[in-house]
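Okay, so here's the structure we're looking at.
The values are calculated or read from the model by the stated rules, or taken from the named source; none is laboratory data. The structure displayed is predicted, hence computed values, not measured ones. Positions of Cβ are generated from backbone atoms using ideal geometry, with glycine treated the same way; all protein chains shown enter the neighbour counts. These area figures cover heavy atoms from the full protein model, side chains too; ligands, DNA and RNA do not enter into them. Shrake-Rupley method; radii C 1.70, N 1.55, O 1.52, S 1.80 Å.
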Amino acid sequence: MAEPARGGTRRHWPILLLVLALSLVACGRDLTTGELEGVLVDPPSPKPSFVLYDTSGSPFDFVEETRGQLTLLYFGYLSCPDICPVHLAQIAEVFDRYPDIARETKVVFVSVDPGRDTPEEIRSYLDAIDTRFIGLTGSQSELEAAQDAAGVPPATFVGDGDDYTVNHAAWVIAFAPDDLNHSIYPFGTRQTEWSNDLQVLSTMGRS
C-alpha cells in the first residue's frame with residue numbers, strides 16, 4: 001500500500017499517464033441507474049467537524065468550506081504508489097466528462113504524512129491531476145483528530161527515519177449537497193461506478 005519517499009522530487013509523469021489512460025478506457029455511460037453503486041452508509045452520517053490548513057497556509061474549516069456542496073474527502077499521502085493516484089485520477093476523469101458536476105464539487109485531499117508532504121509538494125502533486133482539488137495538512141495531532149472525526153482509522157507508520165511506509169484508510173468518503181455521507185468508495189471502484197454515483201450524488205438534497 002505504501003512506498004517510502006526518497007528525495008524531494010515527486011514523480012508526476014506517471015500520474016499524468018494514469019489520467020490519460022483512464023480517459024481513454026472510460027466506458028462512457030452517460031445515463032445513470034438513479035441509484036448509488038458505492039458502499040452505502042445507512043443511516044447517512046453528517047460531515048465531520050475539523051479544521052486543517054490548505055496549501056497556502058490558510059485555515060480550512062471542513063464543514064463551513066464545503067457546506068451545501070457535493071464533497072469528496074480522502075486521506076492519503078504523496079508517496080502512495082497506487083491507491084491514492086488511482087482514486088484521484090478516476091475522479092478527475094469524471095470531472096472532465098461532466099464539467100457541471102466539477103463546478104459544484106469539492107475534492108478534499110488530506111495528507112496524513114506531514115513529515116514528508118510539504119504544502120508546496122501537496123499543491124504540485126494535486127495540480128498534476130486536477131488543479132481544482134483542495135489539499136490540506138496539519139500537525140500530526142490535528143491530522144489524527146481529523147481522521148477520528150471522519151470515522152477512519154488513523155494512519156500508521158512503519159520504519160525508521162525517512163525510510164518508512166504508511167498504512168492509511170483507502171476509501172473516498174462522499175457527502176451529497178445535503179451535507180450527509182451516503183456512500184464510500186474503496187480502492188477498486190470501477191470508473192463506471194464513479195461516473196454513475198457522482199451524477200446521482202450531485203442531485204441529492206437539492207430542491
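Close Cβ contacts (under 9 Å, 6 or more residues apart or on different chains) running from residues in segment 93-109 that are in contact (Cβ under 8 Å) with a residue 24 or more places away in the chain and within 24 Å of PHE60 (Cα to Cα) to residues that are open to solvent by 20 Å² or more (accessible area, probe 1.4 Å) and among the acidic types (Asp, Glu) comprise ALA102/ASP96; LYS106/GLU65; VAL108/GLU65. Restricting attention to segment 150-179, the residues that are out of contact with any Lys or Arg (no Cβ under 6 Å at 6 or more places or on another chain), closer than 12 Å to LEU73 by Cα and of a type in the set (A, V, I, L, M, F, W, C) add up to 9. When we screen LEU24, LEU18 for residues that are buried (at least 18 other Cβ atoms within 10 Å of the Cβ), at pLDDT below 60 and either touching a Leu at 6+ places or on another chain (Cβ under 7 Å) or not in a loop (DSSP other than H, G, I, E, B) (or both), the only hit is LEU18. The listed residues are SER183, SER79, SER124, SER111, and the only one of them that is of a type in the set (Gly, Ala, Ser) and out of contact with any Asp or Glu (no Cβ under 7 Å at 6 or more places or on another chain) turns out to be SER124. Just to verify a result, which residue in segment 173-207, among those that are among the small types (Gly, Ala, Ser) and open to solvent by 40 Å² or more (accessible area, probe 1.4 Å), is nearest to VAL39 (Cα to Cα)? Only one residue fits best here, namely GLY188. The condition of being over 18 Å from THR71 (Cβ atoms), modelled with pLDDT of 95 or more and of a type in the set (D, E, K, R) holds for ASP148. State whether the residues of segment 163-182 include one that is of a type outside the set (Gly, Ala, Ser), under 14 Å from the mean Cα position of the chain (by Cα) and more than 20 Å from THR105 (Cβ to Cβ). Yes, the conditions are met somewhere in segment 163-182.
Going by the structure shown, is ASP148 out of contact with any strand residue (DSSP E or B) (no Cβ under 8 Å at 6 or more places or on another chain), without any contact (Cβ under 8 Å) to a residue 24 or more places away in the chain and surrounded by fewer than 13 Cβ atoms within 10 Å (Cβ to Cβ)? It is false that ASP148 is out of contact with any strand residue (DSSP E or B) (no Cβ under 8 Å at 6 or more places or on another chain), without any contact (Cβ under 8 Å) to a residue 24 or more places away in the chain and surrounded by fewer than 13 Cβ atoms within 10 Å (Cβ to Cβ).
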